[in-house]
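Take a look at the structure below.
Bear in mind these aren't lab numbers, they're just calculated from the coordinates by the rules spelled out. Only a predicted model underlies this, so the values are computations on that prediction, with no experimental measurement involved. In this analysis, Cβ positions are derived from the backbone assuming ideal geometry, glycine residues included, and neighbour counts consider all displayed protein chains.
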Amino acid sequence: MGEVLSQDEIDNLLKALSTGELDADEYKENNTQQVKNYDFARPAKFSKEHLRTLEIIFEHYGRLLYTNLPAYLRKNVQVEVVNSEAVAYSEFSNALSNPVLLGIVNFLPLNGNIILELAPNLGYAIIDRLLGGMGSTIEKKREFTEIEITIIERILSICVDLLREPWQNVVQLEPRLERIETNSQFAQIISPSEMIAIVTLNLKIGDVEGLMNICLPFLTLEEVMDKLNTKYWYSTMQEVDDNYYGDDIENLISKAAVPIKAVLGTSTISVNDFMNLQKGDIIKLNSGIEEELDVYVGNIKKFKALPGAASDDYAVRITSIIREE
């Protein structure tokens, strides 16, 4: 609703019009509203803010690929976010060539699927590397065999699992790679006219460089669109303290298997006596029956113990803890 003028303001305006100080036509032109064209075939469902937030998410995702993939490929991997844009799904699918590597990902708990498109030259390089080669690609494109698709599926499954962490501020994802398609006609996950966001990553595996496109349909992200803005993103970022990683590391270390041994005693004999040892011979140790034994964890002496038995097995009972620190 416009501002209500007082009687004095109305009188001053009428006076200005009558004396020529105010031109009504000029005033009307200055207040003309600009009309923007709207394409109903390509509705603007993704704003610049949405696309920028997606770039931030996949920059984090790129850092995870950079640190995790070299462990499997034994090659240096470089990742960079190149671009993000909103297009109709038909434009994305029509631009795909054959053969193509399309990973159909179930984006649980969100509805629908997303697509990870991997450049074929990167696929050939991954296959060559995992089969013992130098990680080179081939010049002439050909169809992927079933064995090659199974090999690539292992790496794509790792890439899909890495999606959890970058999205945790938006939604707790449980993504799952459903299948890999090499023909774009079999990857019609939504209507051709539906809008999608495409985030393009540039991957370099050794000397082989190619693109990875992540196709994110609006219908899949619709539930969390209000969270795809930088203000919400930074306000919900969890502060990571030292205990956050410390607990995880402690949990992993607690599951590690370590050797433990109890030393009954030691002795020194000549090589000649050692070579002539027979069953029933007795070796005198330097410890007595009532003395405590040294218990080693790895190569570190950690406990004192007394020998004994538990059921039908030999055992030791811990009597004291040696805290070298």
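General remarks:
- Most tightly packed first, judged by the mean number of other beta-carbon atoms within 10 Å of their residues, the peptides 279-286, 219-226 read 219-226, 279-286.
- Protection proxy ranking of 304-316, 76-88 - average other beta-carbon atoms within 10 Å, highest first: 76-88, 304-316
- Nitroxide proxy distance, nm - points 7 Å out along Cα→Cβ at residue 269 and residue 85: 8.2 nm
- Take the Cβ atoms of residue 140 and residue 63, set R0 to 41 Å, and the FRET efficiency comes out at 0.75.
- Taken over the Cα atoms of the stretch 48-239, the convex hull encloses 110 Å³ per residue.
- Alpha-carbon centroid distance for the pair the stretch 264-287 / the stretch 59-77, whole angstrom: 55 Å
- 24 Å Cα-Cα threshold exceeded, pairs from 279/302; 45/227; 255/301; 48/227: 279/302
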